[in-house]
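Peer 1: Have a look at the structure that comes next, please.
The values are calculated or read from the model by the stated rules, or taken from the named source; none is laboratory data. Computed from a predicted model, the values in this text were never measured in an experiment. Note that we place each Cβ from the backbone using ideal geometry, even for glycine, and neighbour counts take in every protein chain shown.
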Amino acid sequence: MIASPRNLTRQIIAASALGIVFGLAVHALIGDPTRAENLVAALDFVTSLFLRAIKMLIAPLVLAALVSGIGRTEGLESVGRMAGRAMLWFIGAGLLAALAALAVAALLAPGAGLHLHATAAGSGVRPPPFDIAGFLRNIIPTSIADAMARNDVLPILFFAILAGFALARMGEAGAGLLRLADGLLGMMLTMAGLVMRFAPLAVFCAIAAALAKDGAGVIVTYAGFVGGFYLALGLLWLAMIGAGALALGRHALRDLLGALRQPALIALATTSAEAAYPALLQKLEGYGVPNRVAGFVLPLGYAFNLIGSMCYCTFAVLFIAHAYDVLLSPAQIAQLLFMLFVTSKGIANMPRASIVVVAATAPHFGLPEAGIAFILGIDHVLDMGRTATNVVANGIVAAIVARSEQPAIAPEGEF
């Protein structure tokens, strides 16, 4: 199941369908738990190999794209303008995500009627305390090699911006290094294309493993929670599409969504935004977003524009509150949204980051830790939607920033 680039999207869709059928069949037909666990472990192993191969490319790809792009900008003013516009969109999108979750939670009251009682059982999730000073300090790497080894996007972003500015100021003396960055970027994109040929196989294994382990019953058990969250995501998508249509125009947005389909499907199936990053960068450049815009906005968005996760965290905390009959006041809800917006930036690179954010926030409102354990079993199904939303949102913002920069990039013929 090795895909050619031309048919990759269709093969990913087909692999997803086959994974659903195979996973449900395994769950229903294999009665021996040990055999089922061994099969799930084998499927997870294949997916992990693909994700490791993708993660291997992320740090050099981000570094090369940023250095190559910023090295050709007009200077600090251009980058500052792009960053300011991107951050305005990120903040607005985060507010929309929270409002979508609040609206659905107010309408459906997810978890109401469960009347759960706190127990001594913990969630198993131990979030680190959030420290704004530590967060800001960690943006500046003591070693770029260490930041790249950890795939920590923000320190790489800082180093690459500084290196890009340095190359731009060096003029002709930096031309050789700039060509080296261009060559590294081209090599990484070619490598990404080769690795992406195995995406359908990884997608098949990821979906099959999830359903073989839990079956469709887990979705039925949490139907209210799952349905409510995806309804909130649907409202968020409508808002995203509306904002994109206003900023880009309907026809341009339609073409953009077509370009984003493949990276969104990869994110949906693998629950990994990193897995979708190379395809997202390639598709945006193919759509017409200049490399220096996409290479700058995407890493920034991967750190600050996790609106699918913001929607989930808001909805999950409100679900736990309803389940334990805890009534949050309007002032507490406002405080909740502020805390979620901040803490989601501080631990965005952690595994199961959204669950960790919920675990870090819920105790501040008197919500028992056992509530996190209650929703942990369904997290994979929800992670699919929130990760795909994060990827599409970052693609839309990159295109909008590129359109707003049109006078500055017009000489290259982009857009």
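Peer 1: Consider Ala206 carefully, then state whether it is surrounded by 19 or more Cβ atoms within 10 Å (Cβ to Cβ) and within 30 Å of Asp379 (Cα to Cα). Talk me through it step by step, then tell me what you get.
Peer 2: Numbers: surrounded by 19 or more Cβ atoms within 10 Å (Cβ to Cβ): yes; within 30 Å of Asp379 (Cα to Cα): yes.
When the stated conditions are applied, Ala206 passes them.
Peer 1: Considering only residues of the range 119-160 that are surrounded by fewer than 13 Cβ atoms within 10 Å (Cβ to Cβ), over 22 Å from the mean Cα position of the chain (by Cα) and at pLDDT 80 or above, which is nearest to Phe341 (Cα to Cα)?
Peer 2: Checked the range 119-160; the qualifying residue nearest to Phe341 (Cα to Cα) is Ile140.
Peer 1: Condition test on Gly234, is it of a type outside the set (Lys, Arg), modelled with pLDDT of 85 or more, surrounded by fewer than 18 Cβ atoms within 10 Å (Cβ to Cβ) and within 20 Å of the chain's Cα centre (by Cα)? Break it down into steps so the answer makes sense when it comes.
Peer 2: On the way: of a type outside the set (Lys, Arg): yes; modelled with pLDDT of 85 or more: yes; surrounded by fewer than 18 Cβ atoms within 10 Å (Cβ to Cβ): yes; within 20 Å of the chain's Cα centre (by Cα): yes.
Judged against the criteria, Gly234 is a match.
Peer 1: Continuing with the same structure: Among the residues of the range 33-47, count how many are hydroxyl-bearing (Ser, Thr, Tyr) and touching a helix residue (DSSP H, G or I) at 6+ places or on another chain (Cβ under 9 Å). Can you show your working first?
Peer 2: At the first step, the residues of the range 33-47 found to be hydroxyl-bearing (Ser, Thr, Tyr) are 34, 47.
With touching a helix residue (DSSP H, G or I) at 6+ places or on another chain (Cβ under 9 Å) added as a condition, the list becomes 47.
Qualifying residue count for the region: 1.
Peer 1: For the range 312-415, which fully contained helices (runs of 4 or more DSSP H) count at least 2 residues that are modelled with pLDDT under 75?
Peer 2: Answer list for the range 312-415: 330-346, 353-361, 370-376, 406-409.
Peer 1: Ala163 versus (1) farther than 30 Å from Phe365 by Cα; (2) modelled with pLDDT under 80: which is the lone unmet condition?
Peer 2: Only one criterion in (1) farther than 30 Å from Phe365 by Cα; (2) modelled with pLDDT under 80 is unmet by Ala163, namely (2).
Peer 1: How many residues, within the range 106-118, are buried (at least 24 other Cβ atoms within 10 Å of the Cβ) and either assigned to a helix (DSSP H, G or I) or at pLDDT 85 or above (or both)? Even if it seems obvious, please write down each step before you answer.
Peer 2: Applying the first criterion (buried (at least 24 other Cβ atoms within 10 Å of the Cβ)) to the range 106-118 yields 110-111.
Retained after the next criterion (residues that are either assigned to a helix (DSSP H, G or I) or at pLDDT 85 or above (or both)): none.
Result for the range 106-118: 0.
Peer 1: For the range 41-54, check the following and say yes or no: at least one residue is assigned to a helix (DSSP H, G or I) and more than 23 Å from the chain's Cα centre (by Cα). Walk me through it before giving the result.
Peer 2: Going through the range 41-54, the residues assigned to a helix (DSSP H, G or I) turn out to be 41-54.
In the following step, the residues that additionally are more than 23 Å from the chain's Cα centre (by Cα) were identified as 41-42.
Scanning the range 41-54 turns up at least one residue that is assigned to a helix (DSSP H, G or I) and more than 23 Å from the chain's Cα centre (by Cα).
Peer 1: Continuing with the same structure: Criterion first (more than 10 Å from the chain's Cα centre (by Cα), buried (at least 24 other Cβ atoms within 10 Å of the Cβ) and either farther than 22 Å from Ile13 by Cα or basic (Lys, Arg) (or both)) does Gly301 satisfy it?
Peer 2: When the stated conditions are applied, Gly301 does not pass them.
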